[in-house]
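> Following this message is one structure expressed as structure tokens.
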Amino acid sequence: MTRCRLYLVTPPAFEPAAFAQTLARALDGGDVACVQIRLKGADDAAIARAAEAILPVAQPRGVAVLINDRPDLAVALGADGAHVGQSDMPAREARRLLGPHLSLGVTCHDSRHLAMQAGEDGADYVAFGAFHPTATKETAHRAEPDLLRWWSELFELPCVAIGGITLANASPLIAAGADFLAVSSGVWDHPEGPAAAVAGFAELMAEADSGSVEQS
């Protein structure tokens with residue numbers, strides 16, 4: 001089993017220059033795989049401003065930047081890929097826009113069928129959730145850790161757990177086989193600050209990794 005990694009999702013609204021500084025401190029707190037720019041309802045110019053602030057912070061640190069909903073902007077702005085939901089754009093079309101080298105993630109809710117279809121359509125990872133209540137977005141679907149366990153045992157395609165994840169409830173998702181934990185308010189609203197939250201997640205994942213080594 002590969003070691004679980006942190007997948008940050010931006011707050012639903014932020015001032016780009018100030019957030020870039022917050023992001024830099026967070027990324028220096030521990031291992032982060034990627035940052036998803038998620039600005040629902042924002043116009044192209046606002047997404048571009050966000051990307052222009054975030055890309056120079058994340059990419060030099062080896063952290064990928066994905067843009068929610070907009071594969072076309074991901075290509076135009078020099079991002080590393082895009083994430084699409086079931087109602088945003090067909091995964092096959094997103095794959096076409098991104099080309100063969102940029103990353104594509106697809107929301108699959110609590111559906112095994114949607115996840116397998118996403119894999120066939122060219123996704124680089126599938127996202128399951130919500131695993132916990134979240135104030136970041138409305139969620140009509142609730143997933144259980146067994147879904148992660150089932151997926152990781154049968155498929156090589158990475159899976160992301162999303163939805164209300166915090167330091168207090170992350171461990172069962174890591175143990176169930178999530179390759180990534182997508183976290184938003186659990187990092188940005190942490191009482192000790194985002195860097196402390198990232199460090200805390202890194203510690204949880206390291207502990208889980210060392211445990212799996214001991215058991216093997």
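The values are calculated or read from the model by the stated rules, or taken from the named source; none is laboratory data. Bear in mind that the values here come from a model prediction, so they are computed numbers and not experimental data. Using ideal geometry, Cβ is built from the backbone for each residue, glycine included, and neighbour counts are taken over all protein chains shown.
> All but one of (1) outside any helix (DSSP H, G or I); (2) touching a strand residue (DSSP E or B) at 6+ places or on another chain (Cβ under 9 Å) hold for MET116; state the number of the condition that does not hold.
(1)
> Here's another thing I want to ask about it. Tell me, which residue of region 1-22 that is in contact (Cβ under 8 Å) with a residue 40 or more places away in the chain and among the aliphatic types (A, V, I, L, M) is farthest from ALA82 (Cα to Cα)?
My answer is MET1.
> Which condition from (1) touching a residue at least 40 places away in the same chain (Cβ under 8 Å); (2) farther than 20 Å from LEU73 by Cα; (3) more than 14 Å from the chain's Cα centre (by Cα) is the one that LYS40 breaks?
That leaves (2) as the condition not met.
> Now for a different question. For region 28-49, enumerate the residues that are touching a strand residue (DSSP E or B) at 6+ places or on another chain (Cβ under 8 Å), of a type in the set (A, V, I, L, M, F, W, C) and either in a helix (DSSP H, G or I) or over 16 Å from ALA82 (Cα atoms) (or both).
VAL32, ILE47
> A further question on this structure: Would you pick out the residues in region 120-143 that are over 17 Å from the mean Cα position of the chain (by Cα) and modelled with pLDDT of 95 or more?
Within region 120-143, GLU120, ASP121, GLY122 meet the criteria.
> Something else about it: For region 162-170, does any single residue satisfy the condition of being in contact with a helix residue (DSSP H, G or I) (Cβ under 8 Å, 6 or more places away or on another chain), of a type outside the set (Asp, Glu) and within 18 Å of SER103 (Cα to Cα)?
No, region 162-170 has no match at all.
> Out of the residues in region 54-80 meeting the condition of being among the small types (Gly, Ala, Ser) and buried (at least 20 other Cβ atoms within 10 Å of the Cβ), tell me which one is nearest to PRO16 (Cα to Cα).
Filtering first and then ranking leaves ALA58.
> Criterion first (at pLDDT below 95 and within 17 Å of the chain's Cα centre (by Cα)) does ASP88 satisfy it?
Answer is yes for this residue.
> Looking at region 128-143, I want the residues that are under 17 Å from LEU114 (Cβ atoms) and basic (Lys, Arg) and have a partner that is assigned to a loop (DSSP other than H, G, I, E, B) and modelled with pLDDT of 85 or more with Cβ atoms under 9 Å, at least 6 apart or on another chain. Which pairs are those?
Filtered contacts from region 128-143: ARG142/ASP110; ARG142/ALA130; ARG142/PHE131; ARG142/HIS132; ARG142/PRO133; ARG142/GLY163.
> Scan region 181-211 for residues that are in contact with a Phe, Trp or Tyr (Cβ under 9 Å, 6 or more places away or on another chain) and at pLDDT below 95 and jot them down.
none
> In addition: Check ALA206, ALA161 and return the single one that is in a helix (DSSP H, G or I), among the aliphatic types (A, V, I, L, M) and either within 28 Å of THR22 (Cα to Cα) or in contact with an Asp or Glu (Cβ under 9 Å, 6 or more places away or on another chain) (or both).
Of ALA206, ALA161, the one residue that is in a helix (DSSP H, G or I), among the aliphatic types (A, V, I, L, M) and either within 28 Å of THR22 (Cα to Cα) or in contact with an Asp or Glu (Cβ under 9 Å, 6 or more places away or on another chain) (or both) is ALA206.
Conditions tested, residue by residue: (1) part of a strand (DSSP E or B); (2) closer than 25 Å to LEU148 by Cβ; (3) touching a strand residue (DSSP E or B) at 6+ places or on another chain (Cβ under 9 Å); (4) of a type in the set (Val, Ile, Thr).
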| position | (1), (2), (3), (4) |
| --- | --- |
| LEU6 | yes, yes, yes, no |
| VAL57 | no, no, yes, yes |
| ALA79 | no, no, yes, no |
| ARG95 | no, yes, yes, no |
